[in-house]
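*Asks:* Input: one structure, supplied below.
Taken together, the values in this text are just the output of simple stated rules run on the coordinates, not laboratory data. It should be emphasised that the depicted structure is a prediction, and the values quoted were computed from it without experimental measurement. Virtual Cβ from ideal backbone geometry, glycine too; neighbours counted across all protein chains shown.
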Amino acid sequence: MNKKFYLPLLLALLVVITGCKMGSMSSEDFSVNPNPLEVVAGKVEATITGVFPEKYFKKRVTVTVTPYLVYADGETAGTPFVYQGEKIVGNNEEIEYKMGGTITMPVSFDYVPAMKKSELWLGFEVTNKRETKTYTLERVKVADGIIATAELADVNKVKPAIAPDAFQRIINETCNADIMFLIQQANIRSKQLESEKMAALKDKVNETKSDDRKELKGIEISSYASPDGGYDLNYKLAEKREDNTMKYLNKQLKKDSIATEVTGKFTAQDWDGFKTLVEKSSIQDKELILRVLSMYNDPAQREKEIKNMSSTFKVLAEEILPQLRYSRITASIDLIGKTDEEIMALVATDPKELTLEELLFAGTLTCDKEQQLYIYAKAAEYFPNDYRAFNNAGMVCFEMGKFSDANAWFEKAAKIAGNSAQVQMNQGLIALKEGNQEKAAQCFGNAAALEETKEATGVLYIEKGEYQKAVKAFGDNKSNNAALAQIMVKDYATAQNTLDAIANPDAMTYYLKAVIGARTNNETELAKNLRQAINIDEKLKVDAANDIEFANYDITGIIAE
């Protein structure tokens with residue numbers, strides 16, 4: 001070929017080849033919502049809107065746009081989107097060469113902590129259909145990320161449910177004996193004072209003199225007359241029975257050197273007792289008798305109607321009425337249990353001497369987690385059929401961060417009482433830690449009556465990205481998790497009040513206060529609280545440096561001060 005024709009031809013070919021390639025796009029061609037990116041319910045989701053300029057998108061090319069989340073340890077590719085020129089036959093979205101076009105790309109990434117400080121980039125791969133060649137365009141950064149504040153929700157800080165003990169330091173016991181009287185008489189027969197119940201009552205009362213753990217609180221006398229015979233007669237009769245019984249009792253107490261308050265009362269006509277005995281009886285006409293009682297309130301009319309049932313009244317006179325002529329002596333005695341010191345001494349020396357309720361109560365007397373676990377483990381060993389010891393041992397393990405052990409204890413408790421609210425609540429916590437939100441929600445629902453469930457349910461809603469529901473679930477709880485929910489709905493004043501009200505603030509309490517400072521443009525509060533958080537937990541220094549919540553502030557300088 002003639003050299004004078006070769007050079008122009010080469011230049012023309014070069015122009016054609018280079019002219020067919022698409023140029024790189026700019027970050028200004030794209031917008032992202034939200035920007036910065038944010039993790040919600042474990043996902044980083046956003047919508048990218050882009051514009052291919054006029055006379056940019058070649059007619060015979062296919063462009064694959066791939067979103068990349070780029071961070072220090074690597075990058076994660078999202079779902080690619082494919083666009084085609086006007087002369088490409090395919091099912092992808094078509095972009096006109098002359099007019100260009102607007103594209104919308106919803107992106108989603110599964111969040112991992114390494115992504116906390118990251119950037120969203122778009123990669124472009126262009127395929128020329130005519131030349132069957134593929135080339136890449138320069139990547140374009142479109143967004144920063146990631147706001148991961150919701151990830152601060154901490155199920156480990158939720159207090160598991162304790163199965164309560166029924167320990168009572170003082171248990172009141174009553175014992176009684178009856179003195180029966182003959183019809184229309186008030187004198188006490190000696191035989192009545194020799195009954196087994198009277199002897200047992202005397203023994204119980206006398207025991208309070210020698211047993212330091214028994215204290216006689218008082219004795220009450222209740223005297224009665226049967227409904228037959230007229231009100232005036234029965235009034236005097238019941239009063240006399242009460243008086244004679246009082247005299248006898250005071251004399252006996254003086255003889256036994258027992259000092260206590262004795263009170264008395266009497267009932268002239270014991271219609272309530274009469275009704276109760278008739279209901280329990282097998283008298284043939286008892287329904288008729290009961291109907292009379294309900295029809296007439298006047299005692300005289302009642303007595304008259306019942307006496308009109310001649311055959312029935314005879315049975316009443318023989319079987320029912322004699323049981324209503326008596327004085328009942330009731331002694332009130334306090335049984336005094338072991339002191340806290342005595343209980344804990346036995347925990348150390350001979351825990352088997354303690355009752356189940358005492359052991360469960362002992363677990364609440366110490367803040368030492370190892371000792372608590374020992375106590376509940378012993379309770380479970382000695383009383384293997386009661387779920388509470390197993391549940392509470394699991395509770396302690398959970399608080400100690402021994403989640404596998406906690407789960408094992410909860411499972412044992414569930415075998416005994418799987419429907420227990422406490423067991424359901426605590427198994428829900430394990431499910432939440434394992435990422436099983438469906439099971440956690442079911443368990444928390446079954447334990448909704450428990451106060452502890454509020455915190456647990458609130459954390460579940462935060463993890464699901466349902467922040468308003470989380471706020472409602474927490475209620476008036478004062479915790480880091482509750483404040484976090486309030487931050488996520490941008491109720492910063494309430495969140496600040498919640499954090500200020502926490503009795504024992506920790507590093508995360510101050511870190512969340514720093515986040516509020518950043519979001520409300522209060523650098524003084526940000527700096528003060530962030531330094532306090534790092535003083536308590538040095539690891540938060542790295543977290544803060546990578547936290548986009550503080551991107552507009554000189555965190556390095558703040559920490560260094």
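*Asks:* Beta carbons within 10 angstrom, averaged per residue: use that to sort the peptides 426-435, 42-51, highest first.
*Replies:* Working: 426-435: 22.5, 42-51: 17.4.
Taking the mean over residues of other Cβ atoms within 10 Å, the ranking is 426-435, 42-51.
*Asks:* Would you please state the base-10 log of I(q)/I(0) at q = 0.12, 0.18, 0.25, 0.26 1/Å for segment 295-390, with intensities from the Debye formula using one equal scatterer on every alpha carbon?
*Replies:* -0.55, -0.88, -1.20, -1.27
*Asks:* I would also like to ask the following. Sort segment 280-328 into rounded, prolate or oblate with this rule: let a ≥ b ≥ c be the square roots of the eigenvalues of the Cα gyration tensor; rounded if a/c is under 1.5, and if a/c is not under 1.5, prolate when a/b is larger than b/c, oblate otherwise.
*Replies:* Since a/c reaches 1.5 but b/c is at least a/b, the shape of segment 280-328 is classed as oblate.
*Asks:* Follow-up question, since we're still on this one. Specify whether the C-alpha gyration tensor of segment 382-478 places it in the rounded, prolate or oblate class, a ≥ b ≥ c being the square roots of the eigenvalues: rounded for a/c under 1.5, otherwise prolate if a/b is larger than b/c and oblate if not. Could the numbers behind the result be given before it?
*Replies:* Details: a/c = 2.09, a/b = 1.86, b/c = 1.12.
Taking the square roots of the gyration eigenvalues as a ≥ b ≥ c, segment 382-478 is prolate.
*Asks:* Continuing with this model, one more query. Go through K21/K129; K369/K433; K197/K275; K454/K528 and tell me which ones have a Cα-Cα distance over 23 Å in this structure. Working shown, then result.
*Replies:* On the way: K21/K129 12 Å; K369/K433 21 Å; K197/K275 25 Å; K454/K528 31 Å.
Beyond 23 Å: K197/K275; K454/K528.
*Asks:* Name the long-range amide H neighbours of Y326: under 5 Å, sequence gap of 5 or more, or other chain; modelled H, no Pro or chain starts.
*Replies:* Here F181, Y224 satisfy the definition.
*Asks:* So, one more: Enter the angle in degrees (range 0 to 90, nearest 10) between the Cα long axis of helix 437-446 and the first principal axis of the Cα atoms of the chain, meaning the one along which they spread out most.
*Replies:* 20
*Asks:* Using Cβ counts within 10 Å as a stand-in for footprinting exposure, how do S26, S282 rank, fewest first? Could you put the intermediate results ahead of the total?
*Replies:* Working: S26 10, S282 7.
So the ranking, lowest neighbour count to highest, is S282, S26.
*Asks:* Same structure again: For the chain, list log₁₀ I(q)/I(0) at each q in 0.07, 0.09 Å⁻¹, using the Debye formula over Cα point scatterers of equal strength and ignoring solvent, two decimals each.
*Replies:* -0.73, -0.91
*Asks:* Same structure again: Got a sec? How would I502, I147 order by Cβ neighbour count within 10 Å, fewest to most?
*Replies:* In order of increasing Cβ crowding within 10 Å: I502, I147.
*Asks:* Same structure again: Tell me what the chain gives for mean residue ellipticity at 222 nm when only DSSP H runs of n ≥ 4 count, each as -39,500 (n - 2.57), the sum divided by the residue total, rounded to 500 deg cm²/dmol. Spell out each step's value before the answer.
*Replies:* Numbers: 22 runs with 251 residues, N = 561.
Mean residue ellipticity at 222 nm (helix-derived): -13500 deg cm²/dmol.
*Asks:* Determine the principal axes of the Cα atoms in segment 495-540, then give the extent along each, sorted from largest to smallest and rounded to whole angstroms.
*Replies:* 24, 22, 12
*Asks:* Beyond 21 Å between alpha-carbons counts as too far, so tell me which of K159/K541; K478/K539; K191/K255 fall in that bin.
*Replies:* Numbers: K159/K541 27 Å; K478/K539 24 Å; K191/K255 19 Å.
Result: K159/K541; K478/K539 exceed 21 Å.
*Asks:* Quick check on segment 170-336: what does the Kirkwood estimate of hydrodynamic radius come out to from the alpha carbon pairs, in Å? Spell out each step's value before the answer.
*Replies:* Numbers: mean 1/r = 0.0578 Å⁻¹.
Kirkwood radius, segment 170-336: 17.3 Å.
*Asks:* While we're here: Of I559, I343, N481, which is farthest towards the positive pole of the chain's charge dipole, taken about the Cα centre with +1 and -1 on the beta-carbons of Lys, Arg and Asp, Glu respectively?
*Replies:* N481
*Asks:* For segment 348-417, what class follows from the C-alpha gyration tensor (a ≥ b ≥ c being the square roots of its eigenvalues): rounded when a/c is under 1.5, otherwise prolate if a/b is larger than b/c, else oblate? Display every interim value, and only then the final one.
*Replies:* Details: a/c = 2.23, a/b = 1.21, b/c = 1.85.
Here segment 348-417 falls in the oblate category.
*Asks:* Just list whichever of K254/K280; K472/K513; K58/K117; K157/K378 have alpha carbons separated by over 31 Å in the model shown. Could the numbers behind the result be given before it?
*Replies:* Working: K254/K280 39 Å; K472/K513 21 Å; K58/K117 36 Å; K157/K378 26 Å.
Over 31 Å Cα-Cα: K254/K280; K58/K117.
*Asks:* Now for a different question. Quick one: angle between helix 403-417 and the longest Cα principal axis of the chain, in degrees between 0 and 90, rounded to 10, please.
*Replies:* That works out to roughly 40 degrees.
*Asks:* Please report C367, C397 as a ranked list, fewest other C-beta atoms within 10 angstrom at the top and most at the bottom.
*Replies:* Listed from fewest to most nearby Cβ atoms, that is C367, C397.
*Asks:* On a 0 to 90° scale, report how tilted helix 452-463 is relative to the longest principal axis of the chain, with both axes built from alpha carbons and the result rounded to the nearest 10.
*Replies:* Long axis of 452-463 versus the principal axis of the chain: about 10 degrees.
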